[in-house]
Amino acid sequence: MTQFKSDFLRTLGERGFIHQISDPEGLDALAARGPITGYIGFDATASSLHVGSLIQIMMLFWMQATGHRPIALMGGGTTMIGDPSGRDETRRILTREDIAQNIAGIRKSFSPFLDFDGGKALMANNADWLLELNLVDFLRTVGPHFSINQMIQRDSVKMRLEREQHLSFLEFNYMVFQSYDFLELNRRYDCVLQMGGSDQWGNIVSGVELGRRVDDASLFALTTPLLATASGAKMGKTAAGAVWLDPERLSPYDYWQFWRNTEDADVEKFLKLFTTLPLAEIAGIASGDINEAKKALATEATALLHGRVAADQAAETARATFEQGALDLSLPTVEISRADLGAGIGVLAAFVMAGLAASNGEARRHLKAGALKANDETVDDERATLTPAQLLPEGVIKLSVGKKKHALLKPV
C-alpha cells in the first residue's frame, strides 16, 4: 500500500476506498499542505439515494473528517441528460419538476454524514450553470478539447456501440457536461479533486484534462472500486428491492437487517468502508465470532445514518425476534443447492420453487398486488435475485405470500 503523508489519502487507502488516482504524489502533497476541496456528483434519478451510493458518501465524510471541504454536487442539469455508464439502454427522461422533487429528497441523505454549517461542506447543483449555457459559446470553449475518437473508446459508449444498442446524442454528451462541472467547480470554489466509482474514471480524467487546457488548472481524479458482494451481487439490491437511505422508504430496522445479512467474506471489508470504527477495533471484531461481527456492522452502519438510538432499537428488536425463536422453523422447508443460491435465484422462480406459486406469472401477479415478501420485506422488483446475502441467522430465507402462506428456502 502507498504510504501517504496526508491523513485524507492515508485514511482512504487503509480503509479500502482507493482504486485509481491520477497523480497520487501530487494530490497527497497538496492535501498534506492544507485543506483542499473535492466533490462527487449525484444524479437525481430517484427521491432517495440507496446503499449503492454510500461508498461515495463515506468518501465525502472522511474528506471532511480529515480537515478538508467536500462538495456534494446535485445533478439538476446532468440528470436531464442521463449518464450512460453501466447502462444497456437510455434512462427515462425526467421533467424539471421530477428532478427538483428528487433533489429535495436526496438532500436528506447527506445530513447525517456531513456538516454544512458555515460552509464546512457544500451542496451545489449543476443546473445553476448548465441550464444557463449558450450553446455556441459552450461549443467554442469546450468542444475543441474533446476528441470523438477518444470519446467513442470510453467504456460507457464502447459497450453500447459493440452491442449495437441505441446511444442517443444526448447521452453521448454526458461526459462533456460532467467535465465542464469540474471546470466550473474549480472556478467557483477552488475545487481540485473529483471522486467517483471506477466506472467514472474516463469522465473524471476528461475533466482533469479540460481544466488543464482551458484554465491551466492542476486538478486530480480519484476513484473507488466498483463494489459487489462476495457472491457477485450488486451492492444495494436485495430481493425486496433497493436499500434506500431515506427512512420513509426503508425503516431503520430493515436497514439494520440488510447489514446483518452481509455475507461472511464481506464483513471486515464493510466494517472498514461503512463504519467509523478504528481499524484496530475492526480487526478485533473481525477475528471473533462472525455473527457478532455482523451485528456490530449492522448497528454501527445504522447508527451513522439513523442515529444511535434507532440503531440500538433495531438491534434489540432483532435480538428479541430471532434469538428468542420468533422465526418458526417448523414452516415448510425446501432445500436448494448452495451453488444455485450463490449464483443468484430469480425471486419469481424462488416462490415457484418453494411451492408458493404455480408459475412465474402467478408469482408476478402476487408481486404486483404487494403480497410477496422475502424475510418479511415486501418484494417490489420482479428482476431481483436471492443470494446468500438474504440468509437469516438460522441459515434459511423466509418467503411469504400474504399473511398465511409461508415457506423456508434452505441451502444444502
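Restricting to segment 36-51, what's the tally of residues that are at pLDDT 95 or above and touching a Lys or Arg at 6+ places or on another chain (Cβ under 7 Å)?
1
Of all residues in segment 247-276, which are open to solvent by less than 20 Å² (accessible area, probe 1.4 Å) and at pLDDT 90 or above?
Tyr255, Trp256, Trp259, Arg260, Thr262, Asp266, Val267, Phe270, Leu271, Leu273, Phe274, Thr275, listed by residue number.
Counting just the residues of segment 30-53 that are part of a helix (DSSP H, G or I) and open to solvent by less than 40 Å² (accessible area, probe 1.4 Å), which one comes out farthest from Thr275 (Cα to Cα)?
Taking the candidates together, the pick is Ala31.
If I ask for residues that are open to solvent by less than 40 Å² (accessible area, probe 1.4 Å) and of a type in the set (D, E, K, R), which ones from segment 20-29 would you list?
Within segment 20-29, Asp28 is the sole residue that qualifies.
So, Leu167, is that one among the aliphatic types (A, V, I, L, M), over 24 Å from Ile40 (Cβ atoms) and either out of contact with any Asp or Glu (no Cβ under 9 Å at 6 or more places or on another chain) or at pLDDT 70 or above (or both) or not?
For Leu167, the condition - among the aliphatic types (A, V, I, L, M), over 24 Å from Ile40 (Cβ atoms) and either out of contact with any Asp or Glu (no Cβ under 9 Å at 6 or more places or on another chain) or at pLDDT 70 or above (or both) - is met.
Residue pairs, Cβ under 8 Å, 6 or more apart or interchain, first in segment 326-339 and modelled with pLDDT of 80 or more, second assigned to a loop (DSSP other than H, G, I, E, B) and surrounded by fewer than 12 Cβ atoms within 10 Å (Cβ to Cβ). List them.
Cβ pairs passing all conditions: Glu335/Val412; Ile336/Val412; Ser337/Val412; Arg338/Val412.
Can you work out which of the residues in segment 94-148 that are under 25 Å from the mean Cα position of the chain (by Cα) and polar (S, T, N, Q) is nearest to Pro252 (Cα to Cα)?
Ser109
What is the residue count in segment 376-412 for residues that are at pLDDT below 90, in contact with an Asp or Glu (Cβ under 9 Å, 6 or more places away or on another chain) and among the basic types (Lys, Arg)?
Number of matching residues: 0.
Looking only at residues that are open to solvent by less than 60 Å² (accessible area, probe 1.4 Å), in a loop (DSSP other than H, G, I, E, B) and modelled with pLDDT of 90 or more in segment 83-116, which one is farthest from Asp246 (Cα to Cα)?
So, considering only residues that are open to solvent by less than 60 Å² (accessible area, probe 1.4 Å), in a loop (DSSP other than H, G, I, E, B) and modelled with pLDDT of 90 or more, the one farthest from Asp246 (Cα to Cα) is Asp115.
Would you point out which residue out of Asp376, Asp340, Asp380 is open to solvent by 60 Å² or more (accessible area, probe 1.4 Å) and at positive phi?
Just one listed residue meets the conditions, Asp376.
What are the residue pairs meeting all of these: first residue in segment 160-186, first residue of a type in the set (A, V, I, L, M) and part of a helix (DSSP H, G or I), second residue crowded, with 21+ Cβ neighbours inside 10 Å and at pLDDT 75 or above, Cβ atoms under 6 Å, and 6 or more apart or on different chains?
What qualifies is Met175/Asn203; Met175/Ser206; Leu183/Leu210; Leu183/Gly211; Leu185/Tyr39; Leu185/Cys191.
Do we have any residue at all in segment 196-210 that's under 17 Å from the mean Cα position of the chain (by Cα), surrounded by fewer than 18 Cβ atoms within 10 Å (Cβ to Cβ), at pLDDT below 95 and not in a loop (DSSP other than H, G, I, E, B)?
Yes, that holds for at least one residue.
Given the criterion of a type outside the set (Asp, Glu), out of contact with any strand residue (DSSP E or B) (no Cβ under 7 Å at 6 or more places or on another chain) and modelled with pLDDT under 95, identify the matching residue among Met58, Met80.
Every option except Met80 fails the conditions.
The values are calculated or read from the model by the stated rules, or taken from the named source; none is laboratory data. No experiment lies behind these values; they were computed from the predicted model shown. Positions of Cβ are generated from backbone atoms using ideal geometry, with glycine treated the same way; all protein chains shown enter the neighbour counts. Calculation scope for accessible area: heavy atoms of the full protein, side chains included, ligands and nucleic acids excluded. Shrake-Rupley method; radii C 1.70, N 1.55, O 1.52, S 1.80 Å.
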